[in-house]
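Trainee: The structure follows.
The values are calculated or read from the model by the stated rules, or taken from the named source; none is laboratory data. Quick caveat: nothing in here was measured; it's all calculated off a predicted structure. FYI the Cβ positions are ideal-geometry reconstructions off the backbone, even for glycines, and counts take in every protein chain you see. Just the protein is used for accessible areas: all its heavy atoms, side chains included, with ligands, DNA and RNA removed. Shrake-Rupley method; radii C 1.70, N 1.55, O 1.52, S 1.80 Å.
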Amino acid sequence: MTMPTLPTWSFQGRLITDISDMPEGTYGFIYETTHKPSGLKYIGKKVLFFERNKRLGKKALEALREERKAKGIGGRTPLKQKVVTESDWKDYYGSHPQIKKLVKESTDLRADFERRILDFVPNKKLLTYFECKHLFINEVLENRDNFINDNVLGKFYRKDFDL
């Protein structure tokens, strides 16, 4: 097996380069990104697929109307259609502005960053739960020297600890 040249994810020492490398039924994952030069870490969650409503074009709308007419389906023809696409998880490092800045400034992402998957998660609700669990277990708001995270759920903030 040749080593990928692109930055990649790891899970318990295994490389994760494709959705097929993940357990079946995975909705998303909890991750930890480490900026190696500074030692700073960021914990977050990432979904594998984006679901969007795409506006139908004239041809697609007409085809849908004809199809509905042939099937005897009455009512209004929807103007939008749900489209599911793979997310940007392969190129993702985190949503925090400081992580984005470090990624932008990096000349060698593979040397500067380590991206580890902490948990694979089967649904949206558990994705939020497991993210919170990892954030609290690692005391990211109190552990300023190691973590970039500055809030949990938009309810608990790092500044709350400035007493």
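Trainee: I'm trying to understand the selection: among the residues of the stretch 22-33, which are farther than 12 Å from Y93 by Cβ and surrounded by 14 or more Cβ atoms within 10 Å (Cβ to Cβ)?
Mentor: Taking the stretch 22-33 first, the residues farther than 12 Å from Y93 by Cβ are 22-30.
Selection gives M22, T26, Y27, G28, F29, I30.
Trainee: How many of the residues making up the stretch 107-125 are assigned to a helix (DSSP H, G or I) and in contact (Cβ under 8 Å) with a residue 24 or more places away in the chain?
Mentor: Initial filter on the stretch 107-125 (assigned to a helix (DSSP H, G or I)): 109-112, 124-125.
Filter again for in contact (Cβ under 8 Å) with a residue 24 or more places away in the chain, leaving 109-112, 124.
Going through the stretch 107-125 one residue at a time, the tally reaches 5.
Trainee: Return yes when Y93 is out of contact with any Lys or Arg (no Cβ under 9 Å at 6 or more places or on another chain) and either within 30 Å of E142 (Cα to Cα) or among the small types (G, A, S) (or both) and no when it is not.
Mentor: Working: out of contact with any Lys or Arg (no Cβ under 9 Å at 6 or more places or on another chain): no; either within 30 Å of E142 (Cα to Cα) or among the small types (G, A, S) (or both): yes.
When the stated conditions are applied, Y93 does not pass them.
Trainee: Taking the stretch 93-106 as the region of interest, how many residues are exposed (fewer than 14 other Cβ atoms within 10 Å of the Cβ) and either assigned to a strand (DSSP E or B) or of a type in the set (G, A, S) (or both)? Break it down stepwise before answering.
Mentor: Taking the stretch 93-106 first, the residues exposed (fewer than 14 other Cβ atoms within 10 Å of the Cβ) are 95, 97, 100-101, 104-105.
Narrowing further to those that are either assigned to a strand (DSSP E or B) or of a type in the set (G, A, S) (or both): 95.
Qualifying residue count for the region: 1.
Trainee: In addition: Would you tally the residues in the stretch 126-142 being polar (S, T, N, Q) and in a helix (DSSP H, G or I)? Steps first, please.
Mentor: So the first thing to find is which residues in the stretch 126-142 are polar (S, T, N, Q), and the list is 128, 138.
Of the ones still in play, those that are also in a helix (DSSP H, G or I) are 128.
Of the residues in the stretch 126-142, 1 are polar (S, T, N, Q) and in a helix (DSSP H, G or I).
Trainee: So which residues in the stretch 4-17 are open to solvent by less than 60 Å² (accessible area, probe 1.4 Å) and without any contact (Cβ under 8 Å) to a residue 24 or more places away in the chain?
Mentor: P4, L15 - these are the residues of the stretch 4-17 that are open to solvent by less than 60 Å² (accessible area, probe 1.4 Å) and without any contact (Cβ under 8 Å) to a residue 24 or more places away in the chain.
Trainee: Which of the following residues is touching a residue at least 24 places away in the same chain (Cβ under 8 Å), more than 18 Å from the chain's Cα centre (by Cα), open to solvent by 60 Å² or more (accessible area, probe 1.4 Å) and on the phi < 0 side of the Ramachandran plot: K90, K36, K59? Steps first, please.
Mentor: Details: K90 fails: more than 18 Å from the chain's Cα centre (by Cα); K59 fails: touching a residue at least 24 places away in the same chain (Cβ under 8 Å).
After ruling out the rest, the residue left standing is K36.
Trainee: What number of residues within the stretch 143-163 are surrounded by fewer than 12 Cβ atoms within 10 Å (Cβ to Cβ) and either assigned to a loop (DSSP other than H, G, I, E, B) or hydroxyl-bearing (S, T, Y) (or both)?
Mentor: The qualifying residues number 6.
Trainee: Okay, next question. Of the residues E51, E66, which is touching a residue at least 12 places away in the same chain (Cβ under 8 Å) and of a type in the set (D, E)?
Mentor: Numbers: E66 fails: touching a residue at least 12 places away in the same chain (Cβ under 8 Å).
Testing whether each residue is touching a residue at least 12 places away in the same chain (Cβ under 8 Å) and of a type in the set (D, E) leaves just E51.
Trainee: I would also like to ask the following. For P122, work out the one condition from (1) open to solvent by less than 50 Å² (accessible area, probe 1.4 Å); (2) modelled with pLDDT of 95 or more it doesn't fulfil.
Mentor: Status for P122: all satisfied but (1).
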